[in-house]
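**Student:** Pasting in a structure now, in structure tokens, and then I'll have a few things to ask.
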Amino acid sequence: MQDDGQVPVYGVGDASFQAAGGEAGIRRLVDDFYDAMERLPVAATVRAMHPADLTSARDKLARFLCGWMNGPKRYQEKYGPISIPSAHAHLVIDTAARDAWLACMVEALDRQPYPDDFKRYLFRQLSIPAERVRNRP
Ligand code: HEM
């Protein structure tokens, strides 16, 4: 419940951004996401696609998700326009890589203080761009 007694409908206005804990909450999600990528054996191939230093990747994904959840457009402010499929076109992303990326997200979501229905909602929504960046069978 929100303070005004209304049940938030994720995806409407900035309800998702708020449910994720705003920018600070999204930064925690992304930190846990990349920590999972460093730890999970299934994610080793996806980890290897990234530079050794994940500082910039963390910053970019956190800023992107901020706007993606209808919060402030932090990615564009710093880095300019982006198309998620084009930003990944140079990478080889097959079904296994997509699923490994999503597995890191499941680990990260598990660690957040979000309501369970929001975790499930966010996972379903993130599965859409994850499928769109896949460029191999
Ligand atoms: C599904 C499999 C995915 C793989 C294997 C993958 C992998 C990568 C890699 C290797 C980078 C480059 C990082 C760097 O050079 O610092 C990257 C960048 C990025 N990824 Fe993904 N990614 C995936 C899905 C997604 C999804 C679903 C989103 C958004 C919801 C996303 C958002 C981004 C953003 C915003 C960047 C920064 C792009 C840039 O500024 O050039 N990625 N990704």
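**Student:** Would you call MET49 open to solvent by less than 80 Å² (accessible area, probe 1.4 Å) and over 21 Å from TYR10 (Cα atoms)?
**Tutor:** yes
**Student:** Filter the stretch 67-91 for residues that are hydroxyl-bearing (Ser, Thr, Tyr), part of a helix (DSSP H, G or I) and open to solvent by 40 Å² or more (accessible area, probe 1.4 Å); which is nearest to the ligand (Cβ to nearest atom)?
**Tutor:** That would be TYR79.
**Student:** Answer yes if at least one residue in the stretch 47-62 is touching a helix residue (DSSP H, G or I) at 6+ places or on another chain (Cβ under 6 Å) and within 17 Å of ILE128 (Cβ to Cβ), and no otherwise.
**Tutor:** yes
**Student:** A follow-up question, please. Six or more apart or on different chains, Cβ under 7 Å: which pairs go from a residue in the stretch 92-105 that's open to solvent by less than 50 Å² (accessible area, probe 1.4 Å) and more than 7 Å from the ligand (Cβ to nearest atom) to one that's part of a helix (DSSP H, G or I) and among the aromatic types (Phe, Trp, Tyr)? Could you list them?
**Tutor:** The qualifying pairs are CYS104/PHE33; MET105/PHE33; MET105/PHE123.
**Student:** Moving on. Taking the stretch 32-46, which residues are hydroxyl-bearing (Ser, Thr, Tyr) and either at pLDDT below 95 or surrounded by fewer than 18 Cβ atoms within 10 Å (Cβ to Cβ) (or both)?
**Tutor:** Once the filter is applied, which keeps residues that are hydroxyl-bearing (Ser, Thr, Tyr) and either at pLDDT below 95 or surrounded by fewer than 18 Cβ atoms within 10 Å (Cβ to Cβ) (or both), the stretch 32-46 yields only THR45.
**Student:** Still on this structure, I have one more. Being out of contact with any Ser or Thr (no Cβ under 9 Å at 6 or more places or on another chain), exposed (fewer than 13 other Cβ atoms within 10 Å of the Cβ) and either assigned to a loop (DSSP other than H, G, I, E, B) or not basic (Lys, Arg) (or both) is the requirement here; does PRO113 meet it?
**Tutor:** Spelling it out, PRO113 is indeed out of contact with any Ser or Thr (no Cβ under 9 Å at 6 or more places or on another chain), exposed (fewer than 13 other Cβ atoms within 10 Å of the Cβ) and either assigned to a loop (DSSP other than H, G, I, E, B) or not basic (Lys, Arg) (or both).
**Student:** When you check LEU29 against the structure, is it without any contact (Cβ under 8 Å) to a residue 40 or more places away in the chain, part of a helix (DSSP H, G or I), of a type outside the set (Asp, Glu) and surrounded by 18 or more Cβ atoms within 10 Å (Cβ to Cβ), yes or no?
**Tutor:** no
**Student:** Could you grab me the full set of residues in the stretch 116-137 that are under 14 Å from GLY11 (Cβ atoms), more than 9 Å from the ligand (Cβ to nearest atom) and open to solvent by 70 Å² or more (accessible area, probe 1.4 Å)?
**Tutor:** Within the stretch 116-137, ASP117, ARG120, ARG124 qualify.
**Student:** Does the stretch 103-110 contain at least one residue that is acidic (Asp, Glu) and either in contact with a helix residue (DSSP H, G or I) (Cβ under 6 Å, 6 or more places away or on another chain) or not in a helix (DSSP H, G or I) (or both)?
**Tutor:** Yes, because at least one residue in the stretch 103-110 is acidic (Asp, Glu) and either in contact with a helix residue (DSSP H, G or I) (Cβ under 6 Å, 6 or more places away or on another chain) or not in a helix (DSSP H, G or I) (or both).
The values are calculated or read from the model by the stated rules, or taken from the named source; none is laboratory data. Because the structure is predicted, anything quoted here is derived from the model rather than measured. We place every Cβ from the backbone using ideal geometry, glycine too, and count neighbours over all the protein chains shown. Side chains are part of the model used for accessible areas, which takes the heavy atoms of the whole protein and leaves out ligands, DNA and RNA. Shrake-Rupley method; radii C 1.70, N 1.55, O 1.52, S 1.80 Å.
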